[in-house]
Amino acid sequence: MKGRQWGALLLVGLTACAGSARGPSSSPHPEEAHREALRYELRVLTAGAVATQPVRVDSADFQQALRREALPVRASERPRDTARWLLQQELQAELLAEVEHERVVRLVPREEGSPLATASNAKLLASYQRLCEQHYGGGDCLGLTGDGPVLDREDRRTLALAFALGGVLGETRESLKHMVSPQAVLALVLGAAVLYFTLWLLPDPVTKGVAALISLGMLAWLGAQTVWELLEGWGRLVHEADRATTFEELEQAGRRYSRVLGENTARVLVLVVTAAVGGGAAKFSQRLPQLPGYGRAAAQAEAQGVRLATAGEVAEVAAPAEGTFTLMVRGPGSRAAAAEAPAGVTTIIRHQGGNRQVSLNGQRWHVPTNKSVKDIPVTDPVGDELVAAARRTRNEWGPTKMSQPESKAIEKARAKGEYWKANLLESEARGRYVHAMLEIQFPRLKWNRNGVDAVDTKTGIQYEILTRTESNMARHGRRMAEELFRMIGF
């Protein structure tokens, strides 16, 4: 590829039975040191747990709010680059990165194949140009060719989303017509929406920073069930758009997703994304109350367990299980926990039930409400051995370690556009492999099929084998709230 090279962004982790524990060390690992500086309250939003209804936003309110929210949005000659800059830092997955002059210009999932043939691209490009002339005043109306006259997969997804937004995109353009560069703003908002949705397709489905704020807004205005349906539908759209070779196929993919979106949801998406990219994390909390239906959205969010007034404290939103979202909300540990904690103990996550996860001497422990951090053993040599063995075993794992049924199930899910399911299946396969190998290496432990993974019968210390993602550790702390155990990460 002319002027480009392909690199690889590293995996942060998958969402299987997994976590992040560290062996004792006088110098904590940099990653653990970063975590020790954070304190989270965990909020869990589950589809169906609370009755929610999407907050209605009519056309007049939408356009009035959009004109106001778009004012701080800075137009850019390359709006999609700006969208990448805003959200790229939140991407954590095994992606291929196209690099130009030492700068990432595009991120593409590893499994994607070759680009369109030249003839197909030329026809698609010509149809795109006609669309811009007919509906958007000509030019590169959606910012798809700023990096060259080739419509790559991200471009095709963007075009399909534009079709899905339908009339709401027309309302958006009408609202922006008095701005200096309405097309650039439109392209920025659309590009940011595409990158935001793409985050949910990655191996560890997590949004952070600006993307986490978008997630919070969507959950408040639409509810967990509707947001989950959007993410599932987006997986199908990506599957179809990535394989489309004609303008008509992209339009059909977009129209199908429009039935999932609906007009009201499309308006909420555009407003929330615009508020996020216009003000960033620092001002998002102040801008939310200006959006139509804020009062009802705030009440609906609080019923689900999170306050919109403290939106700026939301550090991460994850989807650890189907229909479930976990929100990591920054906040100081409780005074009681601080008073009882010996030196070097940091509360990383406090669950809604009062149980918590703490870091002590670089180790990560889950402490139930009926236990104190003083119940954590002073030394744990077996746990330290487990940590080292789990990491070695994790590095041995690869697709060749999967069974044939596991491989087929993953391939089948990807072929149907069920990326979330494929990632989950792969993560579970890796977790099973690590667990099985540790059972062989540590026969002196009592291994369980239910509850905590392993118990040292000599000391009574319990261990849970976990992948190193905050969302997964949060999930396991919630699942075994009444157990004291050490988290063994790989």
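Label positions at Ala481 and Lys401, each projected 7 Å from the Cα along the C-beta direction, are separated by 3.3 nm. Evaluated at q = 0.11, 0.16 Å⁻¹, the base-10 log of the normalised Debye intensity for the stretch 40-328, with identical point scatterers placed on the Cα atoms, takes the values -0.59, -1.33. Report, in whole Å, the centroid distance computed from the Cα atoms of the stretch 178-204 and the stretch 249-272. So the two Cα centres are separated by 14 Å.
For Val150 and Lys446, the FRET efficiency from 1/(1 + (r/R0)^6), where r spans their Cβ atoms and R0 equals 56 Å, is about 0.45. Computed from the C-beta positions of Ala126 and Lys177, the FRET efficiency with R₀ = 25 Å rounds to 0.45. The Thr459 and Arg56 beta-carbon pair, evaluated with R₀ = 41 Å, returns a calculated FRET efficiency of approximately 0.10. Remark: spin-label model distance Thr245-Thr310 equals 5.5 nm, labels positioned 7 Å along the Cα→Cβ axis. A Cβ-based charge dipole, computed about the Cα centre of the stretch 40-328 with Lys and Arg at +1 and Asp and Glu at -1, lands at about 680 debye. Computed about its Cα centre, the charge dipole of the stretch 241-399 is approximately 460 debye, with only Lys, Arg, Asp and Glu carrying charge at their Cβ. In terms of distances greater than 21 angstrom between alpha carbons, the cross-link table entries Lys401/Lys421; Lys208/Lys416; Lys374/Lys458 yield Lys208/Lys416. Taking a ≥ b ≥ c as the square roots of the Cα gyration tensor eigenvalues, the stretch 367-442 comes out oblate, since a/c reaches at least 1.5 and a/b does not exceed b/c. Note on the stretch 215-337: Cα-Cα pairs beyond 24 Å make up 36% of the total pair count. Local charge for Gly233 was computed over the other residues whose Cβ lies under 9 Å away, with Lys and Arg +1 and Asp and Glu -1, and equals +1.
Remark: the stretch 373-435 carries a charge dipole of roughly 360 debye about the Cα centre, counting +1 on each Lys and Arg Cβ and -1 on each Asp and Glu Cβ. Modelled spin-label separation between Arg67 and Ala436, with each label point placed 7 Å from Cα along the Cα-to-Cβ direction: 6.4 nm.
The numbers here are math on the coordinates, done by the rules we state, and not lab data. What you see is a predicted model; the values in this text were computed from it and never measured. Quick reminder, even Gly has a Cβ in these numbers, built from the backbone with ideal geometry, and neighbours come from all protein chains shown.
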